[in-house]
Amino acid sequence: MKKTWWMSAVFILIGASLVGAATQNKLPSNYWDFPQATKDGIRSHEGLDLENNMRPEACAQCHQEQFNAWRDSRHAHAYSAGLVGQFPGMGHGEGNACLVCHAPLAEQLYRDAGDMQATLSTLLQHPEGFSRNADLDSTKAQLPLRHAGVTCAVCHVRQGRRFGPPRRGSALVGALNGAAHDGFIASKDFEQSQLCASCHQFPQSYAINGKPLENTVFEWKQSRFARQGIQCQNCHMPDRKHAFKGIHDVDMVRSGLQFELKKISTGAALTITSVHIGHAFPSYVTPKVLVKAEALDGQGEIIQHWQWLIVREVGYDEGWKEIQDTRLMPSESRVFEARGLHEEVSAVRFYVDVIPDAFYKGVYQSLLTGGLKGNAKALIQRALSDANDNDYRLYNETFTLE
Ligand code: HEC
Ligand code: HEC
Ligand code: HEC
Ligand code: HEC
Ligand code: HEC
């Protein structure tokens, strides 16, 4: 690019920031190494306690908007009953291996087995690991940091420094001054899908039938969205909002799909097209989507029915195996046909039901029949009931035949 005189002027004005910029546009290469330390040599402005505090309630005092969105996200609830209820019987090292994605900071890990044991009753007492109204004096704001799950500091703090995207409307990167916590380090990596990869993409070596169990970033790379530069953040953090909505949110799922119901020669058909989902629908092996059709007679009685599954199903039989993969890939359309209708049929009804935690429900049920006891049993029962509450009907339309 040819430099113009005004560009040189801008370079002189912001030169100080740009010195850091050249080397610090990229996040440090060990940013997602495990465990991630927030603390050695923490930097605060004038050593303020508030700025030394890594709890989300502390960040909320100055970043309320992000906190208010994050507190309802799955990230805020990643240190869950379903996770922790599985730990009894595991060593604390194995528990920590799960925290790699659910609560990965060095400050969040278990130091010993006692630490892990104690967490069971704490979690039963405090299903939510933080104070919703960001009251720093509440008991919840004193819980061990792991209870806050994928908390603010997991994505934003390393070695006592804050990292974030460039300021809105600015291209400045590197170490920037700011009115609190000794400023922050701005990196464009925050605006890239790769930022999500350490937890949302397994390595290829874990593949089952050629595809890792979590393959979201790879699926995205194959899609038109990657070619158009539409990152995970564009859909899951629009306008930088921290709600991270996904398959548990009916409006989010509707926003990604198009439905078309029409008559065909011997019946009715529903076409579902993935129009705005940057990976497979659904991406993981854990949800299940059921498409159902029912043919009704004049009295509204069901006289014929059909069912299809949209799922990637895996099972364990001397090693993991893929049973079926019927997910919708980005831009893919699929037609579900209710054909060969009986003469008395006067209407066809189509439903789409989503079971976001189908796989985990099976895990919880088998743990419970396996004779789980005490706190672990209570946690898994809670996880199962929460999972049941998450089921919803995505679509319901009736097609009347003339
Ligand atoms: C005392 C108030 C205060 C507290 C507490 C605080 N921050 Fe900040 N934060 C600020 C200010 C002021 C800025 C600078 C904004 C600017 O200059 O654009 C900032 C900037 C940031 C940025 C960069 C924003 C961007 O545009 O990229 C991030 C990320 C951030 N803070 C995260 C955190 C996290 C995480 C915590 C809690 C662990 C926290 N902050 C606690 C006041 C605070
Ligand atoms: C590579 C990152 C990663 C690791 C490691 C990981 N998880 Fe998860 N986990 C996820 C993601 C992402 C989800 C949400 C998507 C899904 O349901 O698959 C999730 C969801 C869950 C859920 C359902 C939601 C909830 O919190 O109730 C449970 C239970 C769970 N994981 C347990 C575990 C256990 C137990 C381990 C260790 C054996 C573990 N996870 C290790 C990334 C991870
Ligand atoms: C899973 C990772 C993740 C978590 C958890 C997270 N953030 Fe962020 N945050 C991001 C990303 C990514 C961006 C930039 C998004 C973009 O540019 O589209 C961002 C942007 C920001 C910004 C700049 C916002 C703006 O409008 O310019 C602030 C401030 C911030 N985060 C604070 C927080 C606070 C406070 C929390 C906890 C309540 C938090 N973040 C939790 C990933 C995260
Ligand atoms: C074009 C918009 C779009 C892009 C880009 C996108 N997503 Fe999604 N994502 C969605 C929609 C809509 C849903 C809800 C439907 C579904 O579950 O597939 C979703 C669901 C999810 C889920 C829920 C779990 C599941 O099984 O579906 C996760 C996790 C997720 N996205 C992570 C990511 C990550 C990580 C990236 C970047 C690699 C990304 N998404 C890119 C739109 C998008
Ligand atoms: C430190 C690990 C980590 C990072 C980094 C991370 N996530 Fe997550 N994410 C998780 C875990 C764990 C869950 C599941 C929480 C649960 O339900 O227990 C999750 C859940 C989600 C969901 C909710 C899916 C649903 O089931 O509805 C979305 C959407 C999502 N993440 C998007 C993102 C995006 C976008 C990024 C990058 C900006 C990102 N995540 C970065 C660990 C992470």
Q | Added length on full extension, which subtracts the Cα-Cα distance from 0.36 nm per residue, residue 366 to residue 138 | A | 78.4 nm
Q. What's the carbon and sulfur percent of the chain's accessible surface, probe 1.4 angstrom, rounded to a whole number?
A. 53 percent
Q.
Along its three principal axes, how long is region 250-400 when you only count alpha carbons? Whole Å, largest extent first please.
A. 56, 37, 34
Q. Where a ≥ b ≥ c are the square roots of the eigenvalues of the C-alpha gyration tensor, would you call region 119-248 rounded, which needs a/c under 1.5, or, failing that, prolate if a/b is larger than b/c, or oblate?
A. oblate
Q: Return the calculated 222 nm mean residue ellipticity for the chain, to the nearest 500 deg cm²/dmol, obtained by summing -39500 (n - 2.57) across DSSP H runs with n ≥ 4 and dividing by the residue count.
A: -8000 deg cm²/dmol
**Q.** Helix 374-389 axis, angle to the chain major axis (alpha carbon atoms, nearest 10°)
**A.** 60 degrees
**Q.** Net charge over other residues, Cβ less than 12 angstrom from the Cβ of residue 296 (K, R count +1; D, E count -1)
**A.** -3
**Q.** Probe 1.4 Å, all protein chains present, accessible-area order of 34, 87, largest first
**A.** 34, 87
(Q) Please compare each pair in 321/377; 140/288; 221/245; 288/373; 241/288; 245/377 to a cut-off of 24 Å on the Cα-Cα distance and tell me which ones are over it. (A) 321/377; 140/288; 288/373; 241/288; 245/377
Q | Per residue solvent-accessible surface (Å²) - the chain, probe of 1.4 Å | A | 52 Å²
Q: Return one number: the angle in degrees, 0 to 90 and rounded to the nearest 10, between the long axis of the Cα atoms of helix 15-24 and the longest principal axis of the Cα atoms of the chain.
A: 50 degrees
Q: Using only Cα atoms, tell me the angle between helix 113-125 and the longest principal axis of the chain; keep it within 0 to 90° and round to the nearest 10.
A: 60 degrees
(Q) How far apart, in nanometres, would the label points at residue 258 and residue 401 be if each is projected 7 angstrom from Cα along the Cα-to-Cβ direction? (A) 2.8 nm
Q: Could you pull out the GluC sites (Glu not before Pro) across region 299-357 that fall in loop regions by DSSP (anything but H, G, I, E, B) with no more than 10 other Cβ atoms inside 10 Å?
A: 301, 318, 343
(Q) P(r) for the chain, please, calculated from all Cα pair distances in 20 Å bins and given in %. (A) 22, 50, 23, 4, 0
Q. What relative contact order, as a whole-number percentage, does the chain give when Cα pairs under 8 Å and 6 or more residues apart are counted?
A. 16 percent
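The values are calculated or read from the model by the stated rules, or taken from the named source; none is laboratory data. Remember, it's a predicted structure, so these values are computed and weren't measured experimentally. Cβ sites come from the backbone with ideal geometry, for glycine too, and all protein chains shown count toward neighbours. The area values use the complete protein model at the heavy-atom level, side chains included, leaving out ligands, DNA and RNA. Shrake-Rupley method; radii C 1.70, N 1.55, O 1.52, S 1.80 Å.
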